[in-house]
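Visitor: So that we are looking at the same thing, I have put the structure below in structure tokens.
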Amino acid sequence: CQSTSSQQSLGSGRDSSPEAQPVLEQVALALRQGLAARHMSLQPHLLLLSPEWYNKELKSAVAKLAHLWLMRQGKITVLNLADRIRDAMFLYIQGPEDAEDAVGLELTMAVLSADAQQLVMLAKLWVTALLPHCLSKRNRVDYGLIRDENKFAWAKEAFDNMGETDRQKLGNPKRWWEEKKLLNLSKSRDNVAVPFEGRDKPSKASEFASAEVLIGLTVLSYLYEGMRVQNLCDLVAGLKRRMNLEYGPFDRRPSHQLFRDWTDTASASSRKVASEVQSMLALHLVEPTDSKCMMQVHALLAHYPDASIHFLCRMVFPESLQQKPVKIAASGTDLASRSLFRTGIGFTGTANDLFPSDIETEETKPRKFELGTEANIV
């Protein structure tokens, strides 16, 4: 589980630390057993079929990974927690929803700051609910990314529904789509997962209401579908902007080294594109507007997890998941307050205490309701 609020670099989706290896092996063993027993499936991708099996066999290992991640967060490491507090935190993270470890919760929350408490509760939410929920959804059936062919299909549908005069005036749907005159998709929605109405049919307007679910399904979408060419163009352009602000020779700048690490690792793990790597350019020579060059980059990095996670955490999520420090909320009672109107006139058919306090005076106490009309006015 990773949080975009973490101040650490989230460029790598893998944990190669010695303490994480036994836990990763436990996860791998549980997955193999789940596949053998058909509690999980590899068609069309890794898919959770049995939530009961997850709670019984896999959740404990996932909780250990989440616990390791928590212990590395600055808001928690500075506390130098005792072993019993760490154990209590782990029990709380993996505890079942209907029987939380009350002692573990009390020990954990008593010594944590408000920000650290939110991290612990977020880890528990991912372990017990969000991860199994996301793993049980099918990519390109329940969720996925909006592809170019989807946009063109929407453009053609709207074009066909127009009058003959408008169609002759506007030309053809392909030109509309290319000039982005028809589909006013926000860049944020274009880069995150959206709900699907059926196989390869993304919703035109619906979005996921839960930010956590949106993050989980977006990460899975990029891992399953890979990054699109435009995504890699944006990623390379962003790395080049950062590199231009860094100092030293190009090959020693952090952004240049990061891109080189991606290409070297991806080429070493993929024989399919190994021959193309010989012509791969260094970051300061890669031009996002060069289609031939970007197709080489796409062939190499489209399905490379580290590049996808970096793109999401540095460019997509900060834009798509903007938060405001203050939320303005009001109820029907506030509409009758003196902050909006000097005089208010109204009626109610229900005898209760939900009466605007600003228009309540000594003359209206006690409130009287006409007989026979109570609860009849809606």
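The values are calculated or read from the model by the stated rules, or taken from the named source; none is laboratory data. All values reported here derive from a predicted model rather than from experimental measurement. Every residue, glycine as well, gets a Cβ built from its backbone with ideal geometry; the counts of neighbours run over all protein chains shown. With ligands, DNA and RNA removed, areas are computed over all heavy atoms of the protein, side chains included. Shrake-Rupley method; radii C 1.70, N 1.55, O 1.52, S 1.80 Å.
Visitor: Out of residues 5 or more away from Gly144 or on other chains, whose amide H comes under 5 Å of its own, with H placed 1.01 Å from N in the peptide plane?
Guide: Val194
Visitor: Each label point is 7 Å from the Cα along the Cα-to-Cβ direction; what then is the distance between the points at Ala28 and Leu281, in nm?
Guide: 3.8
Visitor: I've got another one for you. Determine ³J(HN,Hα), in whole Hz, for all residues of segment 299-309 in sequence, where each value follows from phi through the Karplus function 6.51 cos²θ - 1.76 cosθ + 1.60 and θ = phi - 60°; x replaces Gly and Pro.
Guide: So the J values, rounded to whole Hz, are 4, 8, 10, 4, 10, 8, x, 4, 5, 5, 5.
Visitor: May I ask you to give the solvent-accessible area per residue for segment 123-162, in square angstrom, as obtained with a 1.4 angstrom probe?
Guide: 42
Visitor: Right, another one. Using the alpha-carbon centroid of each, what span in Å lies between segment 215-236 and segment 284-343?
Guide: Using only Cα atoms, the two centres lie 13 Å from each other.
Visitor: Also, quick follow-up: So for the pair Phe250, Met71, with labels modelled 7 Å out along Cα→Cβ, what separation do we get in nm?
Guide: Computed distance between label sites Phe250 and Met71 equals 4.3 nm.
Visitor: Once phi is turned into θ = phi - 60°, what whole-Hz ³J(HN,Hα) does the Karplus curve with 6.51, -1.76 and 1.60 give for every residue of segment 38-55, x standing for Gly and Pro?
Guide: Listing the rounded values in order: 6, 8, 9, 9, 9, 10, x, 7, 4, 9, 7, 9, 10, x, 5, 5, 4, 5 Hz.
Visitor: Right, here's the next one. Which value, in Å², gives the accessible area per residue of segment 35-89 when a 1.4 Å probe is used on the protein heavy atoms?
Guide: 56
Visitor: Per residue, how much accessible area does segment 195-240 have with a 1.4 Å probe, in Å²?
Guide: Result: 42 Å² of accessible area for each residue.
Visitor: Through the Karplus equation 6.51 cos²θ - 1.76 cosθ + 1.60, θ set to phi - 60°, convert the phi angles of segment 228-241 into ³J(HN,Hα) values in whole Hz; use x for Gly and Pro.
Guide: Calculated HN-Hα couplings, in order: 7, 4, 5, 4, 5, 4, 5, 5, 5, 4, x, 5, 5, 4 Hz.
Visitor: How far is it, in nm, from the label point at Lys56 to the one at Asp200 when both lie 7 Å from their Cα along the line to the Cβ?
Guide: About 3.8 nm, to one decimal.
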